[in-house]
Amino acid sequence: MKGRGTRENPQIRFETLTREAFDDDWNTAEDERKIPTQYFRDASKSILSKNDSPDVGFTYGLNPYRGCEHGCIYCYARPTHEYLGFSSGLNFETKIMVKEDAAGLLEQEFRKKTWKPDVIMLSGNVDCYQPVERKLKITRQCLEVFLRYRNPVAMITKNALVLRDLDVLSQLASLNLVSVCLSITTLNKDLARRMEPRTSTPEQRLHTIEQLAKERIPVSVNAAPVIPGLNDEELPSILREASLRGAKWAGYTMLRLPYSVKELFVDWLKREYPEKYEKVLNRIRDVRNGEMNDSAFSARMRGTGEIALSIEQLFRASCKKYGLNSANASLNTEKFIRPSSNHKQEEIAFS
């Protein structure tokens, strides 16, 4: 299906009713269909999710959207859509929940006497700069709240749309209140188009790193996910190019295939890269103790075994070679402005 990561809607794991497709000779042009994206209002009464995983370097996450039109076939967040009664497949990319009140709910959190200033990750589940953000500007509104209350925020995205908000990001950076991470999976434009169809191109993401660095906004690169046998050999090239554009820090994660993501990815791999199908699956099993996924803390992000170890060594050597992760980075939590204090909030003019 044009512009989509998958053509499937696998069974929702919470449902007892099952569906099975069959060929009745009527849908001969099904693969050429253009499936429109639908948007739904999310009436959540709170906006921050708390995380206690030792694998993730933040406590609070903020996601303005649920579901993601980027359509990355490997996305570990796909199964979260099943909690809404949607499939983790095509539904995840085409039925997007929108938290229109995200900025207001965030402000409510900051106005609580119990709030202790902390770095909040925006997003952490799905991309806060997916295509509809261009129109709705919910992420931008949240950034304005972060600036108004002087609370630090870390961001991760695959979309060059983040450059739209350079004015707010520059003000946050001047107070050491923001860092931005660009996720780059591959430098191969064709692979990116097939694997993550509605993201910015690899070159656009590198350009975004360069523009952020020019504005002195702390910027890093996340080479994720590493897919053994498909893109692992690109790791040094991704880190080199990101470093040349101004990135100062880097990270990576191993491919994760929880729940139905496994079936979606396997189907995609067989369809798009049949010549690499067996090789990639065998290497995934090599880093997952013979399985397709490992949900154990620590192992789930890096994998285990010789191939996983060689990828980690390659990452560390490349970071050293290209001057990445040589300096510590921490955002300031001491400039937070409490509404109940005697400090007068500055009037911020936003474009």
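Sum up the charges of everything whose Cβ sits under 11 Å from the Cβ of residue 48, counting Lys and Arg as +1 and Asp and Glu as -1, but leave residue 48 out. Before the final figure, lay out each step's value.
On the way: positive: 50, 112; negative: 109, 118.
Summing Lys and Arg as +1 and Asp and Glu as -1 gives 0.
Take 227, 337 and order them by how many other Cβ atoms sit within 10 Å, fewest up front.
Details: 227 22, 337 15.
By the 10 Å Cβ count, ascending: 337, 227.
Post the alpha-carbon centroid distance, region 40-111 to region 286-319, in whole angstrom.
First find each Cα centre; the distance between them is then 27 Å.
Hey, what did region 31-321 get for relative contact order, percent, Cα under 8 Å, at least 6 apart? Please list the in-between numbers first.
Details: 497 pairs, mean separation 47.0, N = 291.
With pairs under 8 Å counted, the relative contact order is 16 percent.
List the lysines whose alpha-carbon lies under 16 Å from that of residue 321, not counting same-chain residues fewer than 8 positions away?
248
Semi-axes of region 50-172's equivalent ellipsoid from the Cα gyration tensor, sqrt of 5 times each eigenvalue, largest first, rounded to whole Å? Write down the numbers at each step before the final one.
On the way: eigenvalues 115, 59, 36 Å².
Sorted largest first and rounded, they come to 24, 17, 13 Å.
Return 286, 190, 127, 52 ranked ascending by Cβ neighbour count within 10 Å, so the fewest neighbours appear first. It would help to have the intermediate numbers written out before the result.
Details: 286 17, 190 9, 127 29, 52 6.
Ordered by Cβ neighbours within 10 Å, fewest first: 52, 190, 286, 127.
At a 4.7 angstrom Cβ threshold, list every cysteine in the chain that has nobody to pair with, or say none.
Within the chain, the cysteines lacking a partner Cβ under 4.7 Å are 68, 128, 142, 181, 319.
Once both labels are modelled 7 Å past Cα along the beta-carbon direction, what's the residue 321-residue 194 spacing in nm?
2.6
Please give the contour-minus-distance gain from residue 271 to residue 58: 0.36 nm per residue of separation, less the Cα-Cα distance, rounded to one decimal in nm. Walk me through the numbers before you get to the answer.
On the way: separation 213, 0.36 × 213 = 76.68 nm, distance 3.65 nm.
Computed gain between residue 271 and residue 58 is 73.0 nm.
Compute the signed sum of charges (Lys and Arg +1, Asp and Glu -1) over the other residues within less than 9 Å, Cβ to Cβ, of residue 338.
Values: positive: 111, 113; negative: none.
That sum, taken over residues with Cβ under 9 Å, equals +2.
Can you tally the net charge around residue 242? Count Lys and Arg as +1, Asp and Glu as -1, for every other residue whose Cβ sits under 11 Å from the Cβ of residue 242. Write out the running numbers ahead of the final one.
Values: positive: 205, 240, 245, 248; negative: 210, 241.
Result for the local shell: +2.
Once fully extended, how much extra length lies between residue 167 and residue 278, figured as 0.36 nm per residue of separation less the alpha-carbon to alpha-carbon distance?
Working: separation 111, 0.36 × 111 = 39.96 nm, distance 4.76 nm.
Taking residue 167 through residue 278 to full extension adds about 35.2 nm, to one decimal.
Modelled label-to-label distance, residue 313 and residue 112, 7 Å Cα→beta-carbon offset: nm?
Going from the residue 313 label point to the residue 112 one covers 4.7 nm.
Cut-off under 19 Å on the C-alpha distance; same-chain residues fewer than 8 positions from residue 45 excluded. Which lysines are left, in chain and number order?
Output for residue 45: 99, 112, 113.
Given q = 0.19, 0.22, 0.31 Å⁻¹, what are the Debye log10 I(q)/I(0) values for region 124-169, with equal point scatterers placed on the Cα positions and solvent ignored?
Relative scattering, expressed as log10 I(q)/I(0), comes to -0.57, -0.76, -1.35.
Diagonalise the Cα gyration tensor of region 176-245 and give the resulting equivalent ellipsoid semi-axes, square root of 5 times each eigenvalue, largest first, whole Å.
Values: eigenvalues 96, 31, 22 Å².
Ellipsoid half-lengths, sorted descending, are 22, 12, 10 Å.
Only the coordinates and a few stated rules stand behind these numbers; no lab work does. Since the model is a prediction, treat every value here as computed from it, not as a measurement. Every residue, glycine as well, gets a Cβ built from its backbone with ideal geometry; the counts of neighbours run over all protein chains shown.
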